[in-house]
Amino acid sequence: AADNSRVVVICVKPKNIGFIIDELKDILLTQKPLLITIAAGTPIEAIEKLIGEHVAVVRAMPNLPALIGAGATGLYANGLVSEHEQDIAESIFRSVGITTWVSHEKELDIITALSGSGPAYIFYLMEAMEQAAID
């Protein structure tokens with residue numbers, strides 16, 4: 001499915017990223033598509049090490065409300081990603097909510113912690129309020 005694609009999106013648990021990259025390595029090296037990764041805690045440097053070469057990579061971390069189109073996605077692009085490719089990545093994630101670009105990859109981990117945990121706290125608070133109303 002990735003053959004002849006301009007964009008390849010990998011969304012897996014971090015423990016599976018090595019296997020997936022290995023399966024796609026030839027396509028990534030010969031066709032040079034934009035690679036978008038959604039794998040928590042897996043930095044671009046680790047992705048490039050698995051590929052064996054520097055490639056255009058956008059790291060994205062959407063949060064749970066993206067499932068209903070109300071999410072927030074943090075995005076980081078390495079230096080090989082063109083402005084046009086950034087626009088492509090942003091348009092993909094704008095379809096499920098708002099986006100924000102960070103200038104340092106470490107900031108993505110901070111955004112992920114805040115935006116990922118925030119909705120969970122709200123749901124917990126809502127459950128507590130509902131239970132208080134019932135009691």
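Residue-wise test of (1) at pLDDT 95 or above; (2) under 17 Å from residue 95 (Cα atoms).
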{"position": "29", "(1), (2)": "no, no"}
{"position": "34", "(1), (2)": "yes, no"}
{"position": "39", "(1), (2)": "no, no"}
{"position": "42", "(1), (2)": "no, no"}
{"position": "53", "(1), (2)": "no, no"}
{"position": "56", "(1), (2)": "yes, no"}
{"position": "60", "(1), (2)": "yes, yes"}
{"position": "65", "(1), (2)": "no, yes"}
Failed condition for residue 129, given (1) in a helix (DSSP H, G or I); (2) of a type in the set (A, V, I, L, M, F, W, C); (3) crowded, with 16+ Cβ neighbours inside 10 Å, with all others met?
(3)
In region 29-54, which residues are touching an Asp or Glu at 6+ places or on another chain (Cβ under 8 Å) and surrounded by 15 or more Cβ atoms within 10 Å (Cβ to Cβ)?
34, 43, 44, 50
Looking only at residues in region 33-48 that are assigned to a helix (DSSP H, G or I) and within 22 Å of residue 100 (Cα to Cα), which one is farthest from the chain's Cα centre (by Cα)?
45
Identify, please: which residue in region 1-25 is in contact with a helix residue (DSSP H, G or I) (Cβ under 7 Å, 6 or more places away or on another chain) and assigned to a strand (DSSP E or B) and is, among those, surrounded by the fewest Cβ atoms within 10 Å (Cβ to Cβ)?
7
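Would a scan of region 49-63 turn up a residue that is in contact with a helix residue (DSSP H, G or I) (Cβ under 9 Å, 6 or more places away or on another chain), of a type in the set (S, T, N, Q), in contact (Cβ under 8 Å) with a residue 40 or more places away in the chain and not in a strand (DSSP E or B)?
So far as region 49-63 goes, yes, one or more of its residues are in contact with a helix residue (DSSP H, G or I) (Cβ under 9 Å, 6 or more places away or on another chain), of a type in the set (S, T, N, Q), in contact (Cβ under 8 Å) with a residue 40 or more places away in the chain and not in a strand (DSSP E or B).
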Of the conditions (1) in contact with a strand residue (DSSP E or B) (Cβ under 8 Å, 6 or more places away or on another chain); (2) under 30 Å from residue 30 (Cβ atoms); (3) of a type in the set (Gly, Ala, Ser); (4) not in a helix (DSSP H, G or I), residue 89 satisfies every one except a single condition; which number is it?
(4)
Residues (over 24 Å from residue 66 (Cβ atoms) and either polar (S, T, N, Q) or at pLDDT below 75 (or both)) located in region 118-135
131
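The values are calculated or read from the model by the stated rules, or taken from the named source; none is laboratory data. Owing to the predicted nature of the structure, the values given are computational and were not obtained by experimental measurement. Please note: Cβ atoms are built from the backbone with ideal geometry, for glycine as well, and neighbour counts cover all protein chains shown.
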